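J.: Take a look at the following structure, please.
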Amino acid sequence: QVQLVESGGGLVQAGGSLRLSCAASRVSVNFNTMGWYRQAPGKQRELVASIASDGSTNYVDSVKGRFTISRDNAKNTMYLQMNSLKLEDTAVYYCHVYILSLSFGYWGQGTQVTVSS
């Protein structure tokens, strides 16, 4: 069935950059709403960024101007470019696809992002 495989997480110093990737199988990143969520220890999972089928994007206030969500339709892959990383960006980041016609979503396995001082 649907599979979302994430990569690109790791350890980075504050002020540095990372790019997360989410490779999708048996679901289109083009025709569905895609998003990146994150969850820090003891905190609720939050939506960081999303991109709709028409290309429109949305970001949580704390990452505006620093993060960019994008997709490569030919590769059926979604990305999250993270610049000027801060300590508070440390979390497990999850890829998500929402299929409107089914009112159903799928999750990736999550990838750890750790920002050090």
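The values are calculated or read from the model by the stated rules, or taken from the named source; none is laboratory data. Quick caveat: nothing in here was measured; it's all calculated off a predicted structure. Counting neighbours? That spans all protein chains shown, and the Cβs are built from the backbone with ideal geometry, glycine included. Only protein heavy atoms, including side chains, enter the accessible area calculation; ligands, DNA and RNA are left aside. Shrake-Rupley method; radii C 1.70, N 1.55, O 1.52, S 1.80 Å.
J.: Can you pull out every residue in segment 1-19 that is part of a strand (DSSP E or B) and either out of contact with any Cys (no Cβ under 9 Å at 6 or more places or on another chain) or of a type in the set (A, V, I, L, M, F, W, C) (or both)?
T.: 3, 4, 5, 10, 11, 12, 13, 18, 19
J.: Can you find a residue that is surrounded by 13 or more Cβ atoms within 10 Å (Cβ to Cβ) and of a type in the set (Gly, Ala, Ser) anywhere in segment 32-43?
T.: Taking every residue of segment 32-43 in turn, at least one turns out to be surrounded by 13 or more Cβ atoms within 10 Å (Cβ to Cβ) and of a type in the set (Gly, Ala, Ser).
J.: I've got another one for you. Take the residues of segment 83-99 that are among the hydrophobic types (A, V, I, L, M, F, W, C), surrounded by fewer than 19 Cβ atoms within 10 Å (Cβ to Cβ) and more than 14 Å from residue 29 (Cβ to Cβ): which is nearest to the chain's Cα centre (by Cα)?
T.: By that ranking, first place goes to 92.
J.: Could you figure out which of (1) open to solvent by 60 Å² or more (accessible area, probe 1.4 Å); (2) in a strand (DSSP E or B) isn't true of residue 24?
T.: Tallying (1) open to solvent by 60 Å² or more (accessible area, probe 1.4 Å); (2) in a strand (DSSP E or B), residue 24 fails exactly one: (1).
J.: May I ask you to list pairs of residues, at least six apart or on different chains, whose Cβ atoms are under 6 Å apart, with the first in segment 88-117 being outside any strand (DSSP E or B) and the second being open to solvent by less than 20 Å² (accessible area, probe 1.4 Å) and modelled with pLDDT of 95 or more?
T.: Qualifying pairs under 6 Å: 89/115; 90/115; 108/4; 108/6; 108/22; 108/95.
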